[in-house]
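Comments concern the structure below.
All of the numbers you see were taken from the coordinates with simple rules; none came from a lab. The structure displayed is predicted, hence computed values, not measured ones. Because the Cβ atoms are built from the backbone with ideal geometry, glycine has one as well, and the counts that use them run over all protein chains shown.
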Amino acid sequence: MKDFTEYLAFTKELAFDSGKILSKYFGNLNSINQKTTSIDLVTNADIESEQLIINSILKKFPNHKIIAEEATQEEKNSDFKWVIDPLDGTTNFVHNLPIFAVSIGLQYKNKTVIGVVYNPAADKMFSASIKKGAYLNEKKIKSSSTNTLSKSLIVTGFPYLHDKKWEKSFSIFKDFYSKTQGVRRLGAASLDLCFVGMGRFEAFYEFNLKPWDICAGSLIAEEAGATVTDWDGSKYPESGKRIIASNGYIHKDSIEILKKHSSIFFEQ
């Protein structure tokens, strides 16, 4: 297999530099804009962070493709594609809640090979290179060994669009809540995936996410031993349409809950 070590070092440095920008703005914002709804926000921190990441990638790897939350680059003929969220957890960030991160994933021939998720507020950097394990600040991490829902703590999220699926999502939430030790909603999917990887949560599920929300975090979770799939147990869509990550031991039981409610989520 191709060695991606040089890309991991570069990505970690990039995430750290981007984190400096987020730290500069954290608690110091003077401009907040709405995107699709009043709760779908973008700040100067998002934009400046993304510009730094994109410019740095293009300087070092001018032929690589890039997709990012705020600005997608034109298509290029390359086997490499960077998938970037310059600020995951913008609403938390705006409200001075220190649960946010920069998320950078690298795909080679449409397979994620590098993932870095960095929360500068806590100075916690999760990282993974394919087939080489997952780490938190250079210490190897592993998903939990809890094997029953009744002893599990779950994390989830809710989309901005308040449609029929949004309404149905509360039935799923209620079902998980009644069968576990609790369900949390932290507001940053990239960190949720990493937290499954480090054993803080037994499972994470969500729908209507985007590629940049899940690209890096999914690899980190998998490299830490977690199982990551679609809600029916098949390969998860990289679009972020549906995803569940678990420690593996409770995956089957979690999918049974999702399947019970999820016909509407598979409608085109």
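Note on the chain: GNM, Cα springs under 10 Å; of ASP88, ASP175, ASP230, the largest mean-square fluctuation is that of ASP175. Between LEU97 and SER171, the contour length at 0.36 nm per residue exceeds the Cα-Cα span by 23.9 nm. In the chain, the longest principal axis of the Cα atoms and the axis of helix 164-179 are about 60 degrees apart.
The angle between the Cα long axis of helix 211-223 and the longest principal axis of the Cα atoms of the chain comes to about 70 degrees, rounded to the nearest 10.
Here the Gaussian network model covers the chain, with springs between Cα atoms less than 10 Å apart; of LYS124, LYS60, LYS111, LYS60 fluctuates the most. When the listed pairs LYS2/LYS252; LYS81/LYS151; LYS76/LYS139; LYS2/LYS59 are checked against a 29 Å cut-off, the alpha-carbon distance exceeds it for LYS2/LYS252; LYS81/LYS151; LYS76/LYS139. Net charge dipole, segment 149-266: roughly 340 debye, given to the nearest 20, about the Cα centre with Cβ charges of +1 for Lys and Arg and -1 for Asp and Glu. Dipole magnitude for the chain: computed about the Cα centre from +1 point charges on Lys and Arg Cβ and -1 point charges on Asp and Glu Cβ, it is near 640 debye.
A straight line joining the Cα centroids of segment 73-126 and segment 214-244 runs 15 Å. Across the chain, the volume of the C-alpha convex hull divided among the residues equals 125 Å³ per residue.
Normalised radius of gyration (Cα atoms, divided by 2.2 N^0.38 Å) for segment 149-266: 0.93. For segment 192-252, the Cβ-based charge dipole about the Cα centre amounts to some 80 debye (Lys, Arg positive; Asp, Glu negative; other atoms uncharged). Axis of helix 5-25 versus longest Cα principal axis of the chain: the two differ by about 90°, to the nearest ten degrees.
Straightening the chain between LYS252 and LYS24 buys 77.8 nm, computed as 0.36 nm per residue apart minus the Cα-Cα spacing. Taking a sphere under 15 Å around the Cβ of ASN247 and counting the other residues whose Cβ falls inside, with K and R at +1 and D and E at -1, yields a net charge of -1. Springs join every pair of Cα atoms under 10 Å in this Gaussian network model of the chain, and among LYS81, LYS109, LYS20 the largest mean-square fluctuation is at LYS109.
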